[in-house]
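The next block holds one structure in the form of structure tokens; read it before the comments.
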Amino acid sequence: MNSLDLWDRLPALAQDGLTFLALLLPALLVGVAVMAGHRPLALVGAMLRRFPFTNALFVLLIAASVGLGVGLIAQERGLRIGTARAAEKFDLVLAAPGSEITMLLAAVYLQPSDVPLLGGDVYAEVTENPHVSIAAPIAFGDSYDGAPVIGTTPDFAGHLAGPLAAGRMFATEREAVAGARVPLAIGDEFTPAHGVGASADEEAHEHAHFTVVGRMPMTGSPWDRAILVPVEAVWEVHGLADGHADGWSGEVGPPFDMARFPGTPAILVRADELWANYALRSEFNRADVMAFFPGAVLAGLHNILGDVRQAMSLLAVATQVLVTAGVLAGLLVLARLTAQRLALLRALGAPARFAFAVVWGYAASLIVAGAILGVGVGYGATIALSAIITERTDILVTARLDWPELHLVAGFVSLTLLLALLPAGATLSRDIVRDLRA
Amino acid sequence: MGLALTITDLVVEASGGRHLLSVPQLDVPAGCHLGISGPSGAGKSTFLHALAGLARRTSGHVLWDGCDILALRQGARARFRRDHMGFVFQDPLLFEEISALANAGVAAAFAPRRRRAAVTLAAGEALTTLGVPTRPARPAATHSGGERQRIALARALATDPPILLADEPTASLDRATADTLADALLGAARAAGRTLVVVSHDPALIARMDRVLTLRNGEITE
């Protein structure tokens, strides 16, 4: 077994922990090498107390730059996990040919969009496949009090939400199930407006009254803010056929009558086998219909997001190093201000390494304090940004610190503590007598 | 007991090659209290720095009990100063943010591990002897001028050095305080037989030395 195999066999936690230690190791080794054998901490403390405002400014500058990097990584991961979680119930989407991303945004993330419709022939073709367990037409475009009203089937609604948090699934045309974040209680009635947002027409469907009969649990997706109704009802309130043959019993959901199928912007499909999803995608990628896995489209978007994040992370690291270089340049100036005391120490017989340790320890204190504060700043910024994104998109973005951020900080601390050797070394070349007389 | 000083052909030059100090021959017995006087710019402080191996561009020999400090490498010179010399300057040069005891015992921070406790203990005793209050502990910046200079003297005594070098130790003090410090400095030197070299403009202090040299233009005119 070679070392790569051994590494791969380690649990992820061990790999992350060891990577963290490896990144921090240079800092620890330099710290031990510089500080060993002496007790410079009291004098380091004196230097910290000597310039409290300047030191605080340096710490804040470092914290801001570290926080930027930490926040960037944590936010990107939170967004990636949140969007993936929101899409995980959508196995395969069929829609009229066009932009997969537009359709993804419309069908999964409920961002309103004008898209062409699929006819009943396509829907019939899908439902004839023996491996299809759910084939749900959806209908959107209406809203109530800012919440999108989405028409679909009971099967898909049940698949999306799992067991309801309260009440039951809609069973007739005028029943609805509210998302977890919709301010409607079971038994409440509402009339949907035509359209979404400020331009919605509140009176267009004034004859259509729905009653909430169930509430979905929290899914962490934009569907938490949606109101789900039978797709037949959406068709009906828009003056279209209800999708069923004459003499329909009123029981909502499939089977639909193809002759009276008004069309749907997307069919949400779930197959009973994974391979069947791939077969369906191949089968329905043709001139009159497109089929895509939301997860795959999302993965492509995440790759782009990841590339952007990597580029921004590099910029963030460069910013951190530049800020730290600026701080270290500032420390050179501060070290000059304390040069007389350092010269005194050397006149008293302190080894050059001791004076070196005092200056390096001073710089290290600022860097480590800034890095620790930066982790807090980054985490705080991530919490705030996550809340804003969740509020605006209804995609649950969770703020969490993870190993990549700690790796970034460990690498930053090691690199800058090595850089801190420079101002410390600069103090050694100074003329003791000249500094004593300063 | 102090160390004897022997200087031969000592020359200290400025960066341009100009002679700052020239001492062809000087012998000072162990335990002697040597005063150095002279006008400003005569080379008095340079002389003191040369005795401590701090001056740059030096030639000749400065022997303390036979050990030529100018022949030592920088690290060995630092060790010699740490083990054998105590300094008092015109400015106490304290770390203002730490206590009197921490300042007086600052050498413990870089002393060999086995000596640290002794240095700290001696610093406390020196402060007590010199009448500097250490309780409650407070930053050195809050002590009076006279106390600050006595803290500096306690710092010089904390390592129990056989040599005391003082550069204008009373210059920034009023007469009464200067006399008190001079008493303390001479008392500490006399009590342990230390060799004391004092550079000063203060006639009252110089008058109390065993031997006085006068420097003019970098040369001893006696």
When you have a sec, figure out the Kirkwood radius of segment A:205-274 from all distinct Cα pair distances and drop it here in Å to one decimal?
-> 14.4
By the Kirkwood definition, with r running over pairs of different Cα atoms, segment A:1-147 has a hydrodynamic radius in Å of 22.6
Residue-wise, which Karplus ³J(HN,Hα) couplings in Hz belong to segment B:182-198, taking 6.51 cos²θ - 1.76 cosθ + 1.60, θ = phi - 60°, and x for glycine or proline?
-> 4, 4, 5, 5, 5, x, 5, 5, 5, 4, 10, x, 6, 7, 10, 10, 10
Sparse-neighbourhood loop sites, trypsin sites (Lys or Arg not before Pro) in segment A:1-69 - DSSP loop, at most 12 other Cβ within 10 angstrom | none
Enter the accessible area of A:Met290 (Å², nearest 10), with the probe set to 1.4 Å and all protein chains included.
-> 20
Amide H to amide H under 5 Å from A:Gly214: which residues, 5+ apart in sequence or cross-chain, H placed 1.01 Å off N in plane?
-> A:Arg168, A:Ala176, A:Ala178
On each of the three principal axes of the Cα atoms of segment A:180-334, give max minus min coordinate, whole Å, ordered largest first.
-> 89, 42, 29
What residue among B:Val198, B:Val212, B:Val88 shows peak mean-square fluctuation when chain B is described by a Gaussian network model with Cα springs under 10 Å?
-> B:Val212
Can you list, largest first and rounded to whole Å, the semi-axes you get for segment A:90-173 by taking the square root of 5 times each eigenvalue of its Cα gyration tensor?
-> 21, 19, 12
Relative contact order of chain A (C-alpha contacts under 8 Å, at least 6 apart) in percent is 29
Over all Cα pairs of segment B:5-221, how is the pair count split among 5 Å bins, expressed in % and running from 0 up to the last occupied bin?
-> 1, 7, 15, 19, 20, 16, 11, 7, 2, 0, 0
Can you grab the distance from the C-alpha centre of segment A:178-233 to the C-alpha centre of segment B:29-66, Å, no decimals?
-> 95
CD proxy at 222 nm, helix term only [per DSSP H run n ≥ 4: -39500 (n - 2.57); per residue of chain A; nearest 500] | -18500 deg cm²/dmol
Residues listed by number, segment B:1-19, amide nitrogen under 14 Å from B:Ala71 label point at 7 Å toward C-beta = B:6-9
Mind grabbing the base-10 log of I(q)/I(0) for segment A:92-292 at q = 0.10, 0.11, 0.12 Å⁻¹? Debye formula, identical points on the C-alpha positions, no solvent, two decimal places.
-> -0.38, -0.47, -0.56
Centroid-to-centroid separation of segment A:245-310 and segment A:361-438 [C-alpha atoms, Å] | 47
Order by accessible surface, 1.4 Å probe, largest leading, for residues A:Leu28, B:Leu173, A:Leu13, A:Leu421 comes to A:Leu13, A:Leu28, A:Leu421, B:Leu173
Quick one: grab the alpha carbon gyration tensor of segment A:1-76, order the square roots of its eigenvalues as a ≥ b ≥ c, and give me rounded if a/c is under 1.5, else prolate or oblate depending on whether a/b is larger than b/c.
-> oblate
Within 10 Å of each Cβ in A:35-43, the average number of Cβ atoms from other chains = 4
Over the heavy atoms of B:Asp9, what accessible area does a 1.4 Å probe trace out, to the nearest 10 Å²?
-> 100
When Cβ neighbours within 10 Å are restricted to other protein chains, what is their mean count per residue of peptide A:253-263?
-> 0
Give the distance, in whole Å, between the Cα centre of segment A:16-45 and the Cα centre of segment B:94-129.
-> 26
Expressed as a rounded percentage, what relative contact order does segment B:1-135 have, with Cα pairs under 8 Å and six or more residues apart?
-> 19
In deg cm²/dmol, rounded to the nearest 500, the helical mean residue ellipticity at 222 nm of chain B, built from -39500 (n - 2.57) for every DSSP H run of length 4 or more, is -10000 deg cm²/dmol
What base-10 log of the normalised intensity I(q)/I(0) is obtained for chain A from the Debye formula, alpha carbons as equal point scatterers, at q = 0.09, 0.11 Å⁻¹?
-> -0.71, -0.87
Write down, largest first, the equivalent ellipsoid semi-axes of segment B:131-222 in whole Å, where each equals the square root of 5 times an eigenvalue of the alpha-carbon gyration tensor.
-> 26, 16, 11
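The values are calculated or read from the model by the stated rules, or taken from the named source; none is laboratory data. Everything numeric in this text was worked out from a predicted model, so none of it was measured. Using ideal geometry, Cβ is built from the backbone for each residue, glycine included, and neighbour counts are taken over all protein chains shown. When the accessible area is computed, the model is the full protein with side chains, heavy atoms only, and any ligands, DNA or RNA have been set aside. Shrake-Rupley method; radii C 1.70, N 1.55, O 1.52, S 1.80 Å.
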